[in-house]
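Input: one structure, supplied below.
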Amino acid sequence: MLIAIAAAALAAGQDLEIRSLAAGAASPPARVEEVAWLAGRWVGEGLGGCSEENLAPPVGDQMMGMFRQTKPDGSLWFYEFYTIAPKGDSIAMRIKHFNPDMSAWEEKDGFIEFALVAVEERAVYFDGLTYALDGEKGLKAAVRIGASDRGVFTLRKAEKGEGCPAP
């Protein structure tokens, strides 16, 4: 039984490493184009519900994305709007969260910033957030939630018109 649970956790992306930037360390040099492989429309599962990630290719040295998360019952939970953009000689991801009624989680001018830790051929590691390609059409993501929890997302390239099902 324990082997089956471990296999299910690995298959769900629990093995996806979440890295941290050392205190006082600077992000490595990077350009937005190095993570352009993230562009696309992705759909799958995460946090017990359906997840949709939409990332536009770089324009003006920035990528912009939108994210939608449903609850396990299929009702809307939250949205994100975010950018991947230059910060100094590196890049950072800035995210703003919204409830389904569009009320923001962060203050008006606030956002959550994830500093870059590393870019690899098939993965990008921000401080507390990881994206990694999974095969030809898969994308896994993991985010640190609080001090000891993590959210894991297993996504695939969406077919035309595909999205989260209605409740």
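Among residues other than V124 whose Cβ falls under 13 Å from its Cβ, what is the net charge (Lys/Arg +1, Asp/Glu -1)?
-2
Once fully extended, how much extra length lies between S20 and K71, figured as 0.36 nm per residue of separation less the alpha-carbon to alpha-carbon distance? Please list the in-between numbers first.
On the way: separation 51, 0.36 × 51 = 18.36 nm, distance 2.82 nm.
So the chain would gain 15.5 nm between S20 and K71.
Then there's this: Using the alpha carbons of the range 43-116, what is the convex hull volume per residue in cubic angstrom, as a whole number? Before the final figure, lay out each step's value.
Working: hull volume 7.5 nm³, N = 74.
In the range 43-116, the Cα hull volume divided by residue count equals 101 Å³.
For the range 2-157, evaluate the Debye formula with one uniform point scatterer on each Cα (no solvent term) and list log10 I(q)/I(0) at q = 0.15 Å⁻¹, rounded to two decimals.
-0.82
Report the charge-dipole magnitude of the range 2-157 in Debye, nearest 20, computed about the Cα centre from +1 at each Lys and Arg Cβ and -1 at each Asp and Glu Cβ.
200 debye
When you have a sec, figure out the Kirkwood radius of the range 13-66 from all distinct Cα pair distances and drop it here in Å to one decimal?
Here the Kirkwood hydrodynamic radius works out to 13.8 Å.
Oh, and also: When 1/r is averaged over all different Cα pairs and the result inverted, which Kirkwood radius in Å belongs to the range 69-152?
Values: mean 1/r = 0.0694 Å⁻¹.
Hydrodynamic radius (Kirkwood, Cα only) of the range 69-152 equals 14.4 Å.
May I ask which residue of G74, L47, V143 lies farthest towards the positive end of the charge dipole of the range 2-157, with charges of +1 (Lys, Arg) and -1 (Asp, Glu) on Cβ and the Cα centre as origin?
Working it through, the farthest residue towards the positive pole turns out to be G74.
Same structure again: Hey, what did the range 2-157 get for relative contact order, percent, Cα under 8 Å, at least 6 apart?
24 percent
No lab work stands behind these numbers, since they all come straight from the coordinates. Since the model is a prediction, treat every value here as computed from it, not as a measurement. No Cβ is skipped: glycine too gets one built from the backbone with ideal geometry, and neighbour counts run over all protein chains shown.
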